[in-house]
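Q: The structure's right below; bear with me while I get my questions together.
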Amino acid sequence: MNDIKLSQCFITVDDADKALAFYRDAVGLEVRNDVGYEGMRWVTLGSPAQPDVAVVLETPLPDPGASEAEREAVRELLAKGHLRGVIFSTEDVDATFERVRAAGGEVLQEPVDQHYGVRDCAFRDPSGNMIRFSQPKA
């Protein structure tokens, strides 16, 4: 029997406050933790429908051992939108799209039926990450 489940996924952000506001207010996730420790900040959010899964917002290379050159390389990739985002599932992509757009989300793709069996849309978060919302086609 396989008891492995997803616990946390990480999204790299350049401004934790802007990202927190976006994921909380526009996307609708609840804040689970927002704590500081030795110059770092641990922010987790999640959906009330998945209490055992958390999205962690992290700044580029929070590891204190990372060099400034490594940090700058990650910041550049983030600014260009080259780091991976996440895909959220929803029961109503169109309503989710309207809510996130009304909250100021940068639209990358309006809702569309995809040939691979979902209806989805896409946004950029304030750090440049692509996030998608999808639902199975009826």
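Just so it is clear, none of the values below were taken in a lab; they were calculated from the coordinates. This is a predicted model, so every value here is computed, not measured.
Q: I need the shape label for the stretch 77-138. Rule: rounded when a/c is under 1.5, else prolate if a/b > b/c, else oblate, with a, b, c from the alpha carbon gyration tensor. Each step should come with its number before you reach the end.
A: On the way: a/c = 2.49, a/b = 1.51, b/c = 1.65.
Taking the square roots of the gyration eigenvalues as a ≥ b ≥ c, the stretch 77-138 is oblate.
Q: Round to the nearest 10 and give me the degree value, 0 to 90, for the angle of helix 93-102's Cα axis relative to the longest principal axis of the chain.
A: Taking the Cα atoms of the chain, the angle to 93-102 is about 50 degrees.
Q: What number, in percent, do you get for the relative contact order of the stretch 23-138 if the mean sequence gap of Cα pairs under 8 Å and at least 6 apart is divided by its residue count?
A: Details: 179 pairs, mean separation 23.5, N = 116.
Once normalised by length, the contact order is 20 percent.
Q: Under a GNM of the chain (C-alpha, springs under 10 Å), which listed residue has the highest mean-square fluctuation: Glu58, Glu98, Glu38?
A: In the Gaussian network model the winner is Glu38.
Q: Under 20 Å Cα-Cα from Lys18, which lysines qualify once same-chain neighbours fewer than 8 residues away are excluded?
A: Reachable lysines: Lys80.
Q: Cα gyration tensor of the stretch 1-67, axes a ≥ b ≥ c as square roots of the eigenvalues: rounded (a/c below 1.5), prolate (a/b > b/c) or oblate?
A: Because a/c hits 1.5 or more and a/b fails to exceed b/c, the stretch 1-67 counts as oblate.
Q: Report the Cα-based extents of the chain along its three principal axes, largest first, to the nearest Å.
A: Taking the Cα atoms of the chain, the three principal extents are 49, 39, 29 Å.
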